[in-house]
Amino acid sequence: MAQQVQGVVAPGRNEPVRVETIVIPDPGPGEAVVKIQACGVCHTDLHYKQGGINDEFPFLLGHEAAGIVESVGAGVTDVVPGDFVILNWRAVCGQCRACLRGRPQYCFDTHNARQKMTLPDGTELSPALGIGAFAEKTLVHAGQCTKVDPAVAPEVAGLLGCGVMAGIGAAINTGDVGRGDSVAVIGCGGVGDAAVVGSRLAGAARIIAVDIDDRKLAKAKEMGATHTVNSRTTDPVEAIRELTGGFGADVVIEAVGRPETYQQAFYARDLAGTVVLVGVPTPEMKLELPLLDVFGRGGALKSSWYGDCLPSRDFPMLVDLHQQGRIDLGAFVTETIGLGDVEKAFARMHEGDVLRSVVIL
């Protein structure tokens, strides 16, 4: 029987979000209903609200979440009611060309729930990244549920559902940071700081954090950066080169998603070094680089979707590392809020003093 719960809806481009009654259908084949316990406020949700992803309004926002499986549909065997799960937005299909080549982290046909959640009048909602977790409960494909140790706090576990995983994965999966490497991270929000954490975990010898906000740089230092550069007052390319013997960093992770910072990343890497783009650009952005420089500098230019993660592999591993004290996922939680505070949390993103606001339900 369908249920009615409260959830945060973006009704139209740049309109304030509001808490609405949401209708959750019973799970169909391959689907699950999850009772949400915590959901981080991610910049991607703001992109949805602003129309920067697409115009399929109204959106049910929220995707960086953890909770308890309440019910499952026919054919679901990997999770059962009562399981504590982190929701992921790349439920691999197992059948596409990437999966069949043994590269499921690049799956081209990831699954979402087939049924739609709606408003009481029948208006269909578009769940952010196929999840829609700023809600007391949500409907997802069962493959979007990744079981982890229930001893971990939900507000910590949920962050692996997007931003923290994206940053850590950009370093250890996409960038392949190794022991003794030099790494520069441009943009020290939640994703950038996670890239700092990932680089430290991988054994990088030098981790250079770059931002225009000294408060963010101080936080990056707490997270493991060995050096900081304020690019508002200092040329970041020259500064990174000076800190790496004049050569540039082995890996530069761009966590802003803007052409000008990408160009900085490109020229701040060593010859044959790697640039990883994990910041999310908007559709109208264009990049210009001299093709001769692309050719002459060698190396690799990569983009990192979700940190090239495989949730079934990476989520439990990172939870274990957190519980062992080897990484501190709780350091990313700046504040906990309620469903009615999401609009204020979006405003706080622009103030520069918050890594993650987390909705607690």
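I'd like the full set of residues that are more than 30 Å from A151 (Cα to Cα) and open to solvent by less than 70 Å² (accessible area, probe 1.4 Å), limited to the range 281-312. Before you say what the answer is, go through the steps one by one.
The initial filter retains those residues of the range 281-312 that are more than 30 Å from A151 (Cα to Cα), namely 281-303.
Matches in the range 281-312: P281, T282, M285, L289, P290, D293, V294, G296, R297, G298, G299, A300.
Each row is one residue, and each column tells you yes or no for (1) out of contact with any Lys or Arg (no Cβ under 7 Å at 6 or more places or on another chain); (2) part of a helix (DSSP H, G or I); (3) surrounded by 23 or more Cβ atoms within 10 Å (Cβ to Cβ); (4) basic (K, R).
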| residue | (1), (2), (3), (4) |
| --- | --- |
| T138 | yes, no, yes, no |
| T146 | yes, no, yes, no |
| A151 | yes, no, no, no |
| L159 | no, yes, yes, no |
| A171 | yes, yes, yes, no |
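Within the group E155, E124, E136, which residue is free of Cβ contacts under 8 Å to residues at least 40 places away in the same chain, of a type outside the set (V, I, T) and closer than 25 Å to G340 by Cα?
Details: E155 fails: free of Cβ contacts under 8 Å to residues at least 40 places away in the same chain; E136 fails: free of Cβ contacts under 8 Å to residues at least 40 places away in the same chain.
Going through E155, E124, E136 in turn, just one is free of Cβ contacts under 8 Å to residues at least 40 places away in the same chain, of a type outside the set (V, I, T) and closer than 25 Å to G340 by Cα: E124.
For the range 227-248: of the residues being in a loop (DSSP other than H, G, I, E, B) and within 30 Å of L329 (Cβ to Cβ), which is nearest to the chain's Cα centre (by Cα)? Outline the logic, then answer.
Initial filter on the range 227-248 (in a loop (DSSP other than H, G, I, E, B)): 231-235, 243-248.
Keeping just the survivors that are within 30 Å of L329 (Cβ to Cβ) gives 231-232, 243-244.
On the way: S231: 24, R232: 26, L243: 29, T244: 29 Å.
The qualifying residue nearest to the chain's Cα centre (by Cα) is S231.
Modelled with pLDDT of 95 or more and under 27 Å from E335 (Cα atoms): does that describe E124?
Numbers: modelled with pLDDT of 95 or more: yes; under 27 Å from E335 (Cα atoms): no.
It is false that E124 is modelled with pLDDT of 95 or more and under 27 Å from E335 (Cα atoms).
From the list D320, D293, which residue is of a type in the set (D, E) and farther than 25 Å from V92 by Cβ?
On the way: D320 fails: farther than 25 Å from V92 by Cβ.
It is D293.
Can you tell me how many residues in the range 200-226 are within 21 Å of D328 (Cα to Cα) and touching a Lys or Arg at 6+ places or on another chain (Cβ under 9 Å)?
Summing the residues that are within 21 Å of D328 (Cα to Cα) and touching a Lys or Arg at 6+ places or on another chain (Cβ under 9 Å) in the range 200-226 gives 11.
Since H141 meets every condition but one in (1) more than 14 Å from V359 (Cβ to Cβ); (2) out of contact with any His (no Cβ under 6 Å at 6 or more places or on another chain), which condition does it not meet?
Of (1) more than 14 Å from V359 (Cβ to Cβ); (2) out of contact with any His (no Cβ under 6 Å at 6 or more places or on another chain), only one is false for H141: (2).
Give the range 313-330 a look and list any residue that's closer than 25 Å to L277 by Cβ and either crowded, with 17+ Cβ neighbours inside 10 Å or charged (D, E, K, R) (or both), or say none.
The answer is R313, D314, F315, L318, I327, L329.
Output the residue which, of all residues in the range 79-95 that are at pLDDT below 95 and of a type outside the set (G, A, S), is surrounded by the fewest Cβ atoms within 10 Å (Cβ to Cβ). Step through it out loud before you land on a result.
The initial filter retains those residues of the range 79-95 that are at pLDDT below 95, namely 89-95.
Next, from what is left, pick out any that are of a type outside the set (G, A, S): 89-90, 92-93, 95.
Numbers: W89: 21, R90: 21, V92: 22, C93: 16, Q95: 11.
Here the answer is Q95.
Identify the residue in the range 175-226 that is of a type in the set (V, I, T) and either in a helix (DSSP H, G or I) or under 17 Å from the mean Cα position of the chain (by Cα) (or both) and, among all such residues, is surrounded by the most Cβ atoms within 10 Å (Cβ to Cβ). Outline the logic, then answer.
In the first step, residues of the range 175-226 are kept if they are of a type in the set (V, I, T); the result is 177, 183, 185-186, 191, 196-197, 207-208, 210, 212, 226.
Cutting the leftovers down to either in a helix (DSSP H, G or I) or under 17 Å from the mean Cα position of the chain (by Cα) (or both) gives us 185-186, 191, 196-197.
Working: V185: 34, I186: 27, V191: 31, V196: 29, V197: 28.
Checking each candidate, the answer is V185.
Which of the residues spanning the range 177-232 are without any contact (Cβ under 8 Å) to a residue 24 or more places away in the chain and touching an Asp or Glu at 6+ places or on another chain (Cβ under 7 Å)?
N230, the sole residue that qualifies.
State which residue pairs qualify: first residue in contact (Cβ under 8 Å) with a residue 12 or more places away in the chain and among the polar types (S, T, N, Q) and inside the range 312-338, second residue assigned to a strand (DSSP E or B) and open to solvent by 20 Å² or more (accessible area, probe 1.4 Å) in any location, beta carbons under 9 Å apart, and separation of 6 or more residues or different chains.
S312/K147; T336/I360
Every residue in the range 121-136 that is surrounded by 24 or more Cβ atoms within 10 Å (Cβ to Cβ) and outside any loop (DSSP other than H, G, I, E, B), please.
Within the range 121-136, P127, A128, L129, A135 qualify.
The values are calculated or read from the model by the stated rules, or taken from the named source; none is laboratory data. Being a predicted model, the structure only gives us computed values, none of them experimental. Cβ: placed from backbone, ideal geometry, glycine included. Neighbour counts: every protein chain shown. The area values use the complete protein model at the heavy-atom level, side chains included, leaving out ligands, DNA and RNA. Shrake-Rupley method; radii C 1.70, N 1.55, O 1.52, S 1.80 Å.
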